[in-house]
Structures are given as C-alpha cells and as structure tokens.
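Nothing in this text is a laboratory measurement; each read-out follows from the coordinates by a stated rule. Values in this document were obtained by computation on a predicted structure and should not be read as measured data. Note that we place each Cβ from the backbone using ideal geometry, even for glycine, and neighbour counts take in every protein chain shown.
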Amino acid sequence: MSENNNSKLQLYDKKCKQLLQEPEIRFAGIVDQDGNLVSGGFKEGISPHEGDETRLQNFLEFVSKASIRKEYDQSLGPINYLAARRDKAVLVSFPFPITQILLLISAEPTVNIENLARRVVEIFTDVN
C-alpha cells in the first residue's frame with residue numbers, strides 16, 4: 001500500500017470516529033469499490049443487531065448499483081446520499097465519486113436523516 005493511500009485511510013478512519021461520537025450512529029465505515037471495509041466500523045460497546053453485517057453488505061450492494069447509475073445525473077444532478085429507513089435502523093450511504101468509495105452509516109431509527117447528512121458534509125468536507 002502506498003504512503004498516500006495509508007494516509008487517506010488514516011484520515012477516513014479519523015472522520016468515521018468523529019461520526020461515531022454522534023449518539024444515534026451505530027456504524028460508520030468507508031467501503032472501497034470492491035465492497036471491502038477499509039476504515040471505520042461499529043461504535044465501541046455497540047452490539048450489532050442480529051444480521052447487521054449481512055444487512056450492511058446487502059445495502060452496500062444495492063447502493064453500489066444505484067450509485068454507478070448516471071442516467072439522471074444530467075437532469076437532476078449526482079446522488080448526494082441514499083437512505084433506507086427500517087424498523088430497527090436507518091442505513092445511509094454517501095458516494096464519493098472521485099475516489100470511488102462509499103461512506104456507509106447505520107443509525108438508530110430516531111435519527112433525523114437531513115441533520116445526519118449535514119453533519120457528514122461538515123466532517124467530510126475536506127475529503128476528496
């Protein structure tokens with residue numbers, strides 16, 4: 001791994017840890033174009049819901065397919081984030097098109113998605 005990639009992974013990890021300080025966030029991770037978790041993870045002390053890893057992987061697959069679709073980018077603009085509200089969790093992904101990575105977040109069902117999106121933008125604004 002190059003030194004540049006290593007420093008980017010450290011930056012991503014730092015940003016994910018910042019997000020995990022938010023009370024309603026359970027998981028914040030950076031996933032590469034191959035679907036591998038490269039930074040972040042579950043909040044310390046949080047027990048994943050049964051099947052959380054599988055659900056996150058399934059959501060990642062859905063998001064990956066949706067994020068690469070570009071047919072509406074010209075008329076509506078690129079995807080800022082995709083969210084799915086479930087009974088036990090909210091799953092939100094933020095594609096970073098330039099670096100070909102995704103930020104994947106799992107939060108409590110009470111989270112305000114718009115406020116979460118604003119917080120993500122604040123934390124990740126200097127990441128490219």
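Here are a few things to note about the model shown:
- For SER39, the residues 5 or more places off, or on other chains, whose built amide H falls under 5 Å of its own are ILE30.
- Residue-span extension gain [ASN5 to SER47] - 0.36 nm each, minus C-alpha spacing: 12.1 nm
- Residues LYS88 and VAL127, FRET efficiency given R0 of 35 Å [Cβ-Cβ distance, rounded to 0.05]: 0.75
- Added length on full extension, which subtracts the Cα-Cα distance from 0.36 nm per residue, LYS17 to PHE96: 26.6 nm
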